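The values are calculated or read from the model by the stated rules, or taken from the named source; none is laboratory data. Since the model is a prediction, treat every value here as computed from it, not as a measurement. As a convention, Cβ positions derive from the backbone with ideal geometry for all residues, glycine included, and neighbour counts pool all protein chains shown. The area values use the complete protein model at the heavy-atom level, side chains included, leaving out ligands, DNA and RNA. Shrake-Rupley method; radii C 1.70, N 1.55, O 1.52, S 1.80 Å.
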Amino acid sequence: MAETVDLRIPRKAEWVAVARLTVAGIASRLHFTIEDIEDVKLAVAEACTNAIQAPDGGAFIEIRCDVDGDRLRVAVVNSVDGAAPPRAEVLDEELSVDGLGVFLIRSLMDDVEYEDVPDRGKQLVMVKRLAS
Amino acid sequence: MSDESTNVRWDRQTTRDAFARYSAKREDSLRDELVVAHLNLVRYLAVKFANRGEPLDDLIQVGTVGLIKAIDRFELDRGVEFTTYATPTIVGEIKRYFRDKGWAVKVPRRLQELNLAVNRAVEKLSIEIGHAPTVAELAAKLDATEEEILEAQELGQAYNLLSLDTELGGDGDGKSQTLADIVGADDPELAMLEDRTVIARAFGVLSGRERVILHLRFFESVSQTEIAKRLNVSQMHVSRLQQKALEKLRAFLAE
């Protein structure tokens, strides 16, 4: 019964605010608290920034939001076939500031993981649940 | 790429060595070194929260408290890098600061106010400039970001208070309830919530450092001597700051 919102933005920093607002609107529909909404916005902005900084991403960033009950799942991926994942390598490595975004995201969302997308490399998937 | 990237690169081996020495000897000078070496991490994280309406310096200060906690609790043999370990601790401390400041109460209020201000400014600007203003013009006029304007327009309404006579969705049997029908009696917990909000507001009159001290002293029962060590000032100084902070709080609550 999940409902899905797909957003595709140019892979440019000035479009990240649109992603933030869109996700804020979706989280607000789920009756997330204002704090959780801010956290989701920040996490999505970080994920987009990672995607923008990836060395060989495509022209777009795709953001898919799945709403399922009280659970919001956001997947972020570069748009190009075979594009480098948005900084997947930093899962095991770290220390350069490029990698810190993922740790920030981890401390904001309930679940964060990388998933394989056929022919597309990896996408960053993060989940936030309505606080009970 | 942010311009901080060059600063925020530590030599892993140096960091590990420093932690190995610190965990063996627990020397303050080593801890200071570790704190200084990771202030960039605190800054990097604090900046991410800087658009939430609190001064960056305060965020860096509470973030530094988180950093110190992380340094004291970090164990090398867990096999994770320090930054991995410290990030959630620092973010947690920053987020707690927002909660202590009553942020979740203030933001909806600010959005509501901004929502009203936007409506007023639209009328005013339309007359002044002869056409309906753009979001950018509204943002400039109201000293807000464009994103805040858009958000206030969308979400500001969602936080409007409901009237007691607001009809709640009926379930088809014709007897729709109003909000007044389902509101119960006074709830003591609610009064406590109000106390908490007042205290959170009262904390707003304190400086960042005063808040940190009161927080450590009364919420975490840390001794003045220990706080002095953490903030790298004398115990007397902590005592004075604490005294001053409590006086400020009393004055605020007496109002």
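Laid out as a table, the results:
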{"read-out": "Residue identified as at pLDDT 90 or above, touching a Phe, Trp or Tyr at 6+ places or on another chain (Cβ under 9 Å) and within 9 Å of chain B (Cβ to nearest Cβ) among A:Leu21, A:Leu42", "value": "A:Leu42"}
{"read-out": "Residue match in the stretch B:67-85 (condition: open to solvent by less than 10 Å² (accessible area, probe 1.4 Å), away from chain A (no Cβ under 13 Å) and either free of Cβ contacts under 8 Å to residues at least 12 places away in the same chain or under 18 Å from A:Leu104 (Cβ atoms) (or both))", "value": "yes"}
{"read-out": "Residue in the stretch A:24-38 that is in contact with a Cys (Cβ under 6 Å, 6 or more places away or on another chain), open to solvent by less than 20 Å² (accessible area, probe 1.4 Å) and free of Cβ contacts under 8 Å to residues at least 40 places away in the same chain present", "value": "no"}
{"read-out": "Checklist (1) open to solvent by 20 Å² or more (accessible area, probe 1.4 Å); (2) free of Cβ contacts under 8 Å to residues at least 60 places away in the same chain; (3) touching a helix residue (DSSP H, G or I) at 6+ places or on another chain (Cβ under 8 Å); (4) not acidic (Asp, Glu) applied to B:Arg16, failing item", "value": "(2)"}
{"read-out": "Tally of residues being exposed (fewer than 13 other Cβ atoms within 10 Å of the Cβ) and not in a loop (DSSP other than H, G, I, E, B) across the stretch B:125-138", "value": "5"}
{"read-out": "Members of the stretch A:4-18 found to be within 12 Å of another protein chain (Cβ to nearest Cβ) and open to solvent by less than 20 Å² (accessible area, probe 1.4 Å), listed by number", "value": "A:Val16"}
{"read-out": "Residue count, the stretch B:24-47 (criterion: surrounded by 15 or more Cβ atoms within 10 Å (Cβ to Cβ) and among the hydroxyl-bearing types (Ser, Thr, Tyr))", "value": "1"}
{"read-out": "B:Val42 being in contact with a Gly (Cβ under 6 Å, 6 or more places away or on another chain) and either among the polar types (S, T, N, Q) or more than 9 Å from every other protein chain (Cβ to nearest Cβ) (or both)", "value": "yes"}
{"read-out": "Close pairs (8 angstrom Cβ cut-off, 6 or more residues apart or separate chains): of a type in the set (Lys, Arg) in the stretch B:125-153, outside any helix (DSSP H, G or I) anywhere", "value": "B:Lys141/B:Pro133"}
{"read-out": "Unique residue being over 30 Å from B:Ala37 (Cβ atoms), open to solvent by 60 Å² or more (accessible area, probe 1.4 Å) and within 18 Å of the chain's Cα centre (by Cα) when the list is B:Lys141, B:Lys106", "value": "B:Lys106"}
{"read-out": "Failed criterion for A:Asp68 (all others in (1) over 18 Å from A:Leu104 (Cβ atoms); (2) touching a strand residue (DSSP E or B) at 6+ places or on another chain (Cβ under 7 Å) hold)", "value": "(2)"}
{"read-out": "Residue in the stretch B:86-102 that is surrounded by the most Cβ atoms within 10 Å (Cβ to Cβ), counting only those that are among the aliphatic types (A, V, I, L, M) and modelled with pLDDT of 95 or more", "value": "B:Ile90"}
